[in-house]
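Heads up: the structure comes next, in structure tokens.
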Amino acid sequence: MKARTVAKTLGGVAVLGVLFCIWLMWEPAIAPVKPSMPADKAAVARGRMVLEAGDCAVCHTAPGGKYLAGSLPLKTPFGTLYTTNITPDSETGIGQWSEAAFSRAMRDGVARDGHLLYPAFPYVHYRKMSDHDISDLYAYLMSVDPVSQTPPPNRMMFPMNFRPLVAFWNLLFRHGDPLEDQPGQSAQWNRGRYLVEGPGHCSSCHTPLNFIGAEKGGSDHFAGSIIDGWTAPPLAGLSTAINPWTQGELVAYLRGEVAPNHGAAAGPMLPVTHGMATMPLADVQAMATYLLSFAEAQPVAGACKNPSFGALQPASQLSQIEQQGAALFAGSCSGCHGDAATMRRLDDRPDLGHSSALLAGTPRNLVKAVLEGIPMSVGAPSHYMPPFADNLSDQQIAAIAQYLRGQYCPSQPWGNLSQTVTQIRQEEK
């Protein structure tokens, strides 16, 4: 009798558990609407600025593809996602989405038909946005040219290929409301906080993730991460670093220009700066103000503590590998990066000793820049760099990296450079 009672109790608990899971994972569909051109032209113009602040085109436009038509592959620890078509196409885009459906997707990560969106779409940040900005963004998206394009199917590993499980992720991490201004802070600081933490979702790239793909909190916020093989550096302590940033330098960098004493954006950050270059200058200045207010973070392992700005070692003190790197640098790099290079004067490029890639804890960004180059920038001056993946071997790139690190941070050489270069090159295949 006792065993039967226990069995009934466990069965009841199991039924309740199943019902709870169904309730948690189910979201209703929102009725479709007929696509229409928005009448409020001012809202459309404002929405375009929201789109640039949110880097929407960076993820929703594939290389060589149609604007906002999706299909860009996003590699995650759980598989590859393909971004969605957010043009107002009725069949393959969001043309049948009402503003209410769009707002729900932005804030809750739920599509119009009720399926859950993967949190690679940063709705945990977009839920901090104002109703006004989300409405303006919707107006702009409804105004762009519709494109009929269906993205390839996602390639997610089990069990994350079962979308309803995202509901449990949401239960843990989908929280927060639109940001409110903090008293005691300036209007510029509060505007910057809103743009960085809300539409800009900067911490999505600059904060490490936990084992289920959520941003870590506490001291790990803005502590840096790896994105598309590049190091997204920490954003805390920019104003107090060994090579500190000023507001003018950071604004120039964010707008796709060459920042004096630092350099310019590359890798995944480059297209972000292209979009920010079209934003109002006051907004970018506000973002810089907020970012520069972060307290100094924990030191990055391996980062150069005693850089040598300008005091280079004589050739007689170089190791054999460094001498090889010096010769390769003279033949392949000095035309743009040498002290006497005309490009240095024309493009206002800083000394390589001020480059974050050379002062970083790992050679990853330096190696990636040499392998992939830097595409032509819309900013002025341009900081184009051709790729050298087909021109230099792994050993040659390692020799150049060892030479440069030895020149500008001799007290902290990088180890296992040849192995590191080979690994990074293989990641691109």
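The set of residues in segment 200-213 that are at pLDDT below 90 and open to solvent by less than 30 Å² (accessible area, probe 1.4 Å) contains only GLY213.
Yes or no, residue by residue, for (1) aromatic (Phe, Trp, Tyr); (2) open to solvent by less than 30 Å² (accessible area, probe 1.4 Å); (3) free of Cβ contacts under 8 Å to residues at least 60 places away in the same chain:
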| position | (1), (2), (3) |
| --- | --- |
| ALA105 | no, yes, yes |
| VAL110 | no, yes, no |
| ASP113 | no, no, no |
| PHE121 | yes, no, yes |
| LYS128 | no, no, no |
| LEU137 | no, yes, no |
| TYR140 | yes, yes, no |
| ASP145 | no, no, no |
| SER148 | no, no, yes |
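One residue alone among ALA252, ALA236, ALA223 is part of a loop (DSSP other than H, G, I, E, B), open to solvent by less than 30 Å² (accessible area, probe 1.4 Å) and modelled with pLDDT under 95, and that residue is ALA236.
Report yes if some residue within segment 166-173 is surrounded by fewer than 16 Cβ atoms within 10 Å (Cβ to Cβ), touching a residue at least 60 places away in the same chain (Cβ under 8 Å) and not in a loop (DSSP other than H, G, I, E, B); otherwise report no. Checked segment 166-173: at least one residue is surrounded by fewer than 16 Cβ atoms within 10 Å (Cβ to Cβ), touching a residue at least 60 places away in the same chain (Cβ under 8 Å) and not in a loop (DSSP other than H, G, I, E, B).
Sub-7 Å Cβ pairs linking a first residue in segment 41-61 that is more than 23 Å from ALA120 (Cβ to Cβ) to a second residue that is of a type in the set (Phe, Trp, Tyr), at least 6 apart or interchain, are VAL44/TYR140; ARG48/TYR140, ordered by first then second residue.
Matching residues to (1) of a type in the set (Ser, Thr, Tyr); (2) over 30 Å from ASN190 (Cβ atoms):
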{"site": "LEU68", "(1), (2)": "no, no"}
{"site": "PRO73", "(1), (2)": "no, yes"}
{"site": "SER98", "(1), (2)": "yes, yes"}
{"site": "ARG104", "(1), (2)": "no, no"}
{"site": "ARG107", "(1), (2)": "no, no"}
{"site": "TYR118", "(1), (2)": "yes, yes"}
{"site": "VAL124", "(1), (2)": "no, no"}
{"site": "MET129", "(1), (2)": "no, no"}
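What number of residues in segment 34-51 are in a loop (DSSP other than H, G, I, E, B), exposed (fewer than 15 other Cβ atoms within 10 Å of the Cβ) and not charged (D, E, K, R)? Going through segment 34-51 one residue at a time, the tally reaches 3.
With respect to the conditions (1) at pLDDT below 95; (2) open to solvent by 50 Å² or more (accessible area, probe 1.4 Å); (3) not in a loop (DSSP other than H, G, I, E, B), PRO178 falls short on a single one, namely (3).
The values are calculated or read from the model by the stated rules, or taken from the named source; none is laboratory data. Not measured: the values here are computed from a predicted model. Positions of Cβ are generated from backbone atoms using ideal geometry, with glycine treated the same way; all protein chains shown enter the neighbour counts. Accessible surface is based on the protein model in full, side chains and every heavy atom, while ligands, DNA and RNA are left aside. Shrake-Rupley method; radii C 1.70, N 1.55, O 1.52, S 1.80 Å.
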